[in-house]
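Working notes, structure below.
The values are calculated or read from the model by the stated rules, or taken from the named source; none is laboratory data. A quick note: this is a predicted structure, and the numbers were derived from the prediction, not measured. Cβ: placed from backbone, ideal geometry, glycine included. Neighbour counts: every protein chain shown. Just so you know, the surface numbers come from the protein's heavy atoms only, side chains and all, with ligands and any DNA or RNA stripped out. Shrake-Rupley method; radii C 1.70, N 1.55, O 1.52, S 1.80 Å.
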Amino acid sequence: MAKRLHARRLDGIDHNPWVEFLKLASEFDVVNLGQGFPDFPPPDFALEALQHAVSGDFMLNQYTKAFGYPPLTKILASFFGKLLGQQLDPLKNVLVTVGAYGALFTAFQALVDEGDEVIIIEPFFDCYEPMTLMAGGLPVFVSLKPSPAQDGELDSSSNWQLDPMELASKFTSRTKALVLNTPNNPLGKVFSKPELELVASLCQQHDVVCIADEVYQWLVYDQCQHISIASLPGMWERTLTIGSAGKTFSATGWKVGWVLGPDRLLKHLRTVHQNSVFHCPTQGQAAVAQSFEREQQHFGQPSSYFVQLPRAVQRNRDHMVHSLQSVGMRPVVPQGSYFLITDISDFKRKMPDLPGAADEPYDRRFVKWMIKNKGLMAIPVSIFCSPPHQEVFDHYIRFCFMKDESTLQAMDKKLQKWKEGPR
């Protein structure tokens, strides 16, 4: 009898819907508004920093410190220490990882044990569930629910909120961690201070670690304010704050991320890190360090990339919101992130019987239809939800507006044809 090849921890997580939709999109002439990456260059100072790292000191071709290139850990400690109200030690409170994805995986592997429960707020970035399962944990889901919008007004991500009683009911003696993503992917919700205080109170009451995924922290709109939960009283000691140079400097391919937190937590992440990837590419870390040093000098000024970028991206968001309405979609206006979701309920009523498997959520069938017939790619929101709740979210799809103006113009041409054609 043949031996079982794959580890049991891979059971049930082998299917990746992204592969299916990207493959389908490659077969048609589509405008890709599904994947979350910029199709415009990073800022000049970041590109120059990378060029300098590649062509300058030849020792940047070699290993650096396993837990982070020292100039990078130093600037991250200085920069974020001020924002979090903490005196950060670059050696104890900062870990550089292979992107924020690597930070998340390291955190789950380091802290989640067999049978531990992890609270995940949905809709959620889709890696949280499989990473919990791979660590032996049990995902426990709690949904953001929309409040009715005012007549004639578009919905806003701020209207989507947690029910305090429902959230409290998810905490048990087995709860090890809660994952908080703000600004949220895919919804674009930025959690308010009262909402964060509710989460913080429950984490402290039940002695739970908060894994705070804050990769979109600089991309907030309409004078909205991002607040790190680690900055709230009593939360630094139980929070891992995860960031991404890819999202920060519009360079997602660099794959440089980090985790900030107390040594009592980070020492366990360092154990996983040193026994897995061990080390992240030196030249990318050097470029990120130099970019942060530049931003620290310009912080809060009109010349700051962290000031300029959200203003430009907000214009993209508003453009997309207006354009999608032209064909009968109802966007939920996001407070932050790269993304918006849009309500396709009207389409579900008008054409409920799109091709697809009998048990396939409507949003997935709709996206396939839209790729084939309208030349636009989005991502179905049901893939960001637990199986029992996919039907609740199957009338939403996600678009990425972190795109060049030419891409948005190409979208407009597709939408104009859609509007002029048979509905």
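With the requirement that a residue be in contact with an Asp or Glu (Cβ under 7 Å, 6 or more places away or on another chain) and under 19 Å from S157 (Cα atoms), what does the stretch 227-254 give you? The one that is in contact with an Asp or Glu (Cβ under 7 Å, 6 or more places away or on another chain) and under 19 Å from S157 (Cα atoms): S228.
Checked against the criterion of being out of contact with any strand residue (DSSP E or B) (no Cβ under 7 Å at 6 or more places or on another chain), of a type in the set (F, W, Y) and within 16 Å of P262 (Cβ to Cβ), the stretch 232-241 has at least one qualifying residue.
The residue list P302, P331, P310 contains one member that is assigned to a strand (DSSP E or B) and either open to solvent by 10 Å² or more (accessible area, probe 1.4 Å) or not charged (D, E, K, R) (or both), which is P331. When Q205, Q223 are checked against the criterion of being in contact (Cβ under 8 Å) with a residue 12 or more places away in the chain and either surrounded by fewer than 24 Cβ atoms within 10 Å (Cβ to Cβ) or at negative phi (or both), Q205 stands alone in meeting it.
Whether a residue is open to solvent by 70 Å² or more (accessible area, probe 1.4 Å), of a type in the set (D, E, K, R) and within 27 Å of F278 (Cα to Cα) was assessed, and K65 passes this test.
Figure legend. Inter-residue proximity from the stretch 28-46: first residues part of a helix (DSSP H, G or I), second residues modelled with pLDDT of 95 or more and open to solvent by 20 Å² or more (accessible area, probe 1.4 Å), beta-carbon distance below 7 Å, spacing 6+ or different chains. Indicated pairs: F45/R294. Candidates are the residues of the stretch 53-62 that are open to solvent by less than 60 Å² (accessible area, probe 1.4 Å) and closer than 12 Å to G284 by Cβ; the one that is modelled with the lowest pLDDT is L60. Of the candidates L50, L88, the single residue that is more than 25 Å from C400 (Cα to Cα), open to solvent by less than 70 Å² (accessible area, probe 1.4 Å) and not in a helix (DSSP H, G or I) is L88. Whether a residue is open to solvent by less than 30 Å² (accessible area, probe 1.4 Å) and of a type outside the set (A, V, I, L, M, F, W, C) was assessed, and G234 does not pass this test.
Scanning the stretch 346-372 for residues that are surrounded by fewer than 19 Cβ atoms within 10 Å (Cβ to Cβ), at pLDDT 95 or above and either under 16 Å from M329 (Cα atoms) or among the hydroxyl-bearing types (S, T, Y) (or both) yields a count of 1. Suppose we keep only residues that are among the aliphatic types (A, V, I, L, M) and open to solvent by less than 10 Å² (accessible area, probe 1.4 Å) within the stretch 391-423. Which one would you say is farthest from Q335 (Cα to Cα)? This residue is L415.
Within the option set Q62, Q86, being closer than 16 Å to L265 by Cα and in contact (Cβ under 8 Å) with a residue 40 or more places away in the chain holds for one residue only, Q86.
Screening the stretch 181-295 for helices (runs of 4 or more DSSP H) wholly inside it with 1 or more residues that are hydroxyl-bearing (S, T, Y), under 26 Å from G34 (Cβ atoms) and under 15 Å from the mean Cα position of the chain (by Cα) returns the ranges 245-248. Just so you know, in the stretch 187-202 the residues that are aliphatic (A, V, I, L, M) and open to solvent by 10 Å² or more (accessible area, probe 1.4 Å) include one that is nearest to S158 (Cα to Cα), and it is L198.
Exactly one residue out of Y338, Y396 is in contact with a helix residue (DSSP H, G or I) (Cβ under 6 Å, 6 or more places away or on another chain) and either closer than 18 Å to L187 by Cα or of a type in the set (D, E, K, R) (or both), and it is Y396. Per the listing E166, E114, E153, the residue uniquely touching a Gly at 6+ places or on another chain (Cβ under 9 Å) and surrounded by fewer than 19 Cβ atoms within 10 Å (Cβ to Cβ) is E114.
For beta carbons closer than 6 Å, sequence separation of 6+ or different chains, a first residue in the stretch 124-137 that is at pLDDT below 95 and a second that is of a type in the set (A, V, I, L, M) and buried (at least 19 other Cβ atoms within 10 Å of the Cβ), the qualifying pairs are D126/I383.
Taking the stated definitions as given, is F124 part of a loop (DSSP other than H, G, I, E, B), open to solvent by less than 10 Å² (accessible area, probe 1.4 Å) and under 25 Å from D207 (Cβ atoms)? So F124 fits the description; yes.
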